[in-house]
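The values are calculated or read from the model by the stated rules, or taken from the named source; none is laboratory data. The structure displayed is predicted, hence computed values, not measured ones. Cβ atoms come from the backbone with ideal geometry, glycine included; neighbour counts cover every protein chain shown.
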Number of protein chains: 2
Amino acid sequence: MVTIQDVARESGVSVTTVSVILNKAHQARYIPAQTKNRVKEVVKKLGYHRNLIASSLRSKRSRTFGVLVFDITDPYCTEILKGIEGALYRYGYVPILMDAQNDRGRFNRAVETLLERRIDGLIAVAVANFLNLGPDSLKPLVERGIPVVSVGRRLATPASSVFTDYKAGTRCALEHLYTLGHREIAFIKGPKDLIDTEQRWNGIEEFAKAALLELNPRLIVQIKGRNSSYQEGFELTEELLRRQRHFTALMAFDDITAFGAISALSNAGLRVPQECSVIGFDDIPEAAFYNPPLTTVSQALALQGSLSVEVLVQSVRSVGQKKKLTAVYRTVAPKLVVRRTTMTPIQQHALA
Amino acid sequence: MVTIQDVARESGVSVTTVSVILNKAHQARYIPAQTKNRVKEVVKKLGYHRNLIASSLRSKRSRTFGVLVFDITDPYCTEILKGIEGALYRYGYVPILMDAQNDRGRFNRAVETLLERRIDGLIAVAVANFLNLGPDSLKPLVERGIPVVSVGRRLATPASSVFTDYKAGTRCALEHLYTLGHREIAFIKGPKDLIDTEQRWNGIEEFAKAALLELNPRLIVQIKGRNSSYQEGFELTEELLRRQRHFTALMAFDDITAFGAISALSNAGLRVPQECSVIGFDDIPEAAFYNPPLTTVSQALALQGSLSVEVLVQSVRSVGQKKKLTAVYRTVAPKLVVRRTTMTPIQQHALA
DNA sequence: TTGTAAGCGTTATCAT
DNA sequence: ATGATAACGCTTACAA
């Protein structure tokens with residue numbers, strides 16, 4: 001395998017010169033273009049590829065980020081991953097992918113592996129889901145000054161976080177229903193132990209208060225399991241129906257729940273959106289193809305992915321300059337996506 | 001950061017001994033348990049983590065595989081990735097993930113990056129899709145003796161390949177319809193320039209020949225675009241319907257196409273499966289949740305992922321032993337998944 | 001502007 | 001059974 005020595009010898013300069021040229025270091029500005037070109041030609045001629053392993057050993061920077069996901073087959077994850085991948089590419093970093101598979105043991109082993117690889121930083125993708133990471137899970141990283149950013153979930157310090165402004169999301173979802181004219185609205189709240197649940201509910205209460213909209217407790221149900229599911233959406237909607245309290249719109253915790261709700265409504269002979277509007281949250285890919293296509297709130301997941309890379313790159317630079325590492329929180333604005341499951345109750349009446 | 005030197009000093013042995021113990025090298029058998037334990041305790045006490053960068057530099061093995069996907073958000077890819085991830089974990093390798101995003105330029109840059117990182121091998125996940133990789137795309141790898149395995153697509157030598165036995169798949173799909181009693185069967189063939197198309201068609205012809213089943217050319221249509229789509233499935237089925245040639249079952253190129261076909265049939269007032277059975281291919285996650293759930297052929301994608309790792313690990317070992325590198329082809333048996341879109345034409349009659 | 005040389009932390013080789 | 005020591009290929013002071 002051809003080394004930097006070979007290149008230096010062949011082009012009649014020292015290894016230092018070659019190194020400086022190839023790394024575009026500051027000093028490269030003073031090297032005549034002629035020398036640069038000669039070296040670059042030799043590089044091509046010999047088919048030289050810089051050995052990043054040797055480089056990392058010496059410079060103590062691996063240009064590598066660990067990327068820890070909770071389930072690689074989850075579309076939520078992959079959408080974020082896409083954003084991460086694109087941004088890493090731009091910054092010259094490379095991801096080492098680890099799938100925690102929602103398992104604590106695997107998580108810990110992954111951290112060990114990443115430590116051995118001397119990653120410059122870690123991106124945790126929606127990883128707090130079930131693991132419910134305490135501050136000590138990341139201690140081995142933090143102790144060694146390796147910056148961590150969590151994307152998709154807010155995490156306790158000292159990790160930085162990038163996540164959706166859930167409050168704004170539910171606020172504008174409810175505003176959409178309200179503007180259409182809905183006043184009797186049912187809600188399916190998220191699981192109690194998911195951090196999002198509270199934030200999402202806050203947005204609802206905030207808007208309701210401002211608009212003087214009354215939230216009827218008899219029209220509010222909550223997911224009992226640890227995560228959302230089609231099944232729960234279905235059953236909770238049946239439960240709402242059983243309560244015999246009239247409502248013209250339903251706001252589900254997320255898209256999956258909304259799908260279940262729509263099925264339950266159809267089952268009960270209520271057509272969506274003619275007799276009941278439904279709105280979801282997340283904008284998973286299936287939402288656009290559902291029957292009817294689901295009105296929902298989009299989370300800009302890819303954007304969150306690339307943002308997390310930017311945050312991490314900044315942190316790594318701070319570490320390089322021996323600055324104190326401070327956690328940063330970046331929040332991403334969600335976006336209302338109006339499709340076919342919402343309409344005004346006036347129209348509902350006309351069509352009913 | 002604590003080094004092997006520190007461990008050696010603290011436990012009163014040489015670095016060699018520590019290295020031998022930690023790597024479970026052959027010689028470790030002769031080291032007394034007492035020494036081993038002492039060293040291991042020191043490792044824990046000091047919080048030592050072996051520096052794999054230094055190790056790689058010296059041993060000339062990075063214990064790293066490049067994993068090149070064509071689109072990280074594609075479920076087909078992620079299912080394979082899951083299998084890869086699990087297997088890598090078992091072998092102590094780590095994946096560097098690169099997304100070619102169906103772009104030639106990105107593909108080439110990814111190869112450069114992976115070369116700099118001195119990957120021990122490359123797994124290309126369904127990457128041949130549009131890039132239509134010639135043998136020279138992989139030349140930089142092959143020249144340096146870095147083994148390559150393609151998973152999901154058959155690739156030209158010198159790369160190894162792991163892929164579905166498409167012929168067996170279509171054969172058993174057709175057999176299923178035949179056994180149910182169907183004799184008038186329509187087919188939607190795949191795009192001309194996809195390699196799979198021919199293999200899949202071979203299976204159909206093979207079974208038809210053996211069963212003395214006549215394939216009516218008027219019941220055969222072909223996808224015109226470069227890839228399958230819901231839209232084409234829909235339109236081609238309308239085309240079949242327009243031909244006024246009676247058929248009791250339809251075999252689609254893949255699941256997506258089947259979805260389009262089902263919509264077109266429903267649109268034309270033909271109920272599935274009562275008036276026309278439909279079978280797909282791939283078993284994408286949506287197939288199970290479709291309405292009605294789709295009978296299809298499953299590809300065991302995760303299995304293909306882990307198999308590809310096994311093939312690659314074997315290749316790397318061969319390289320290590322300076323054996324000649326030969327491409328291996330492993331084919332994976334598909335599996336018929338019977339759900340609700342197929343039934344016998346007798347029943348069809350009874351229910352019609 | 002370019003060159004010399006000392007590491008980075010490991011493993012492999014050779015001794016003992 | 002354990003140890004000394006020389007690489008591995010690069011970056012980076014420092015020197016010239």
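List of remarks:
- Residues satisfying the stated conditions in the range A:105-124, i.e. in a helix (DSSP H, G or I) and within 9 Å of chain B (Cβ to nearest Cβ): A:106, A:109, A:110, A:112, A:113, A:114, A:115, A:116
- Residues of the range A:18-45 satisfying the condition of being part of a loop (DSSP other than H, G, I, E, B) and near DNA strand C (Cβ under 6 Å from one of its atoms): A:31, A:32
- Any hit, the range B:220-233, residues being in contact (Cβ under 8 Å) with a residue 60 or more places away in the chain, buried (at least 16 other Cβ atoms within 10 Å of the Cβ) and in the same structural domain as residue B:185 (by TED's automatic domain parsing): no
- Candidate set: the range A:1-17, residues that are within 14 Å of chain B (Cβ to nearest Cβ) and outside any helix (DSSP H, G or I); chosen: the one farthest from DNA strand D (Cβ to nearest atom): A:2
- In the range A:1-17, residue nearest to residue A:39 (Cα to Cα) [restricted to those that are near DNA strand C (Cβ under 6 Å from one of its atoms) and not polar (S, T, N, Q)]: A:13
Table: residues versus (1) at pLDDT 95 or above; (2) in contact with a helix residue (DSSP H, G or I) (Cβ under 7 Å, 6 or more places away or on another chain).
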| position | (1), (2) |
| --- | --- |
| B:153 | no, yes |
| B:173 | yes, no |
| B:202 | yes, yes |
| B:209 | yes, no |
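- The residues listed here are B:326, B:341; of these, the one that is outside the structural domain of residue B:184 (by TED's automatic domain parsing), of a type outside the set (D, E, K, R) and in a loop (DSSP other than H, G, I, E, B) is B:326.
- Residue in the range B:50-62 that is facing chain A (nearest Cβ under 10 Å), closer than 25 Å to residue A:73 by Cβ and charged (D, E, K, R) present: no
- Test: residue A:58 is at pLDDT 90 or above, within 12 Å of DNA strand C (Cβ to nearest atom) and either out of contact with any Lys or Arg (no Cβ under 6 Å at 6 or more places or on another chain) or within 30 Å of residue B:97 (Cα to Cα) (or both): yes
- Among the residues making up the range A:28-53, a single one is near DNA strand D (Cβ under 8 Å from one of its atoms) and among the polar types (S, T, N, Q): A:51.
- The strands (runs of 3 or more DSSP E) located wholly in the range A:219-314 that include 1 or more residues which are modelled with pLDDT of 95 or more and not aliphatic (A, V, I, L, M) occupy A:220-222, A:277-279, A:296-298.
- Residue count, the range A:256-293 (criterion: more than 13 Å from every other protein chain (Cβ to nearest Cβ), within 26 Å of the chain's Cα centre (by Cα) and acidic (Asp, Glu)): 2
- Residue in the range B:97-104 that is at pLDDT 95 or above and either within 12 Å of chain A (Cβ to nearest Cβ) or touching a Ser or Thr at 6+ places or on another chain (Cβ under 6 Å) (or both) present: yes
- Failed item, numbered, when residue B:71 is tested on (1) outside any helix (DSSP H, G or I); (2) within 8 Å of DNA strand C (Cβ to nearest atom): (2)
- Neighbours by Cβ (under 7 Å, 6+ apart or cross-chain): first from the range B:48-63, of a type in the set (A, V, I, L, M); second within 12 Å of DNA strand D (Cβ to nearest atom) and outside any loop (DSSP other than H, G, I, E, B): B:53/A:53; B:53/A:56; B:53/A:57; B:54/A:57; B:57/A:53; B:57/A:54; B:57/A:57
- Selection count, the range B:163-185, where residues are of a type in the set (Ser, Thr, Tyr) and closer than 16 Å to residue B:342 by Cβ: 3
- Restricting the range B:64-96 to residues that are at the interface with another protein chain (Cβ under 9 Å from one of its Cβ atoms) and out of contact with any helix residue (DSSP H, G or I) (no Cβ under 7 Å at 6 or more places or on another chain), the residue that is nearest to residue B:312 (Cα to Cα) is B:64.
- Candidates are the residues of the range B:157-189 that are of a type in the set (Ser, Thr, Tyr) and surrounded by fewer than 20 Cβ atoms within 10 Å (Cβ to Cβ); the one that is nearest to residue B:245 (Cα to Cα) is B:178.
- Given (1) under 22 Å from residue B:110 (Cβ atoms); (2) within 11 Å of DNA strand D (Cβ to nearest atom), index of the condition residue A:60 fails: (1)
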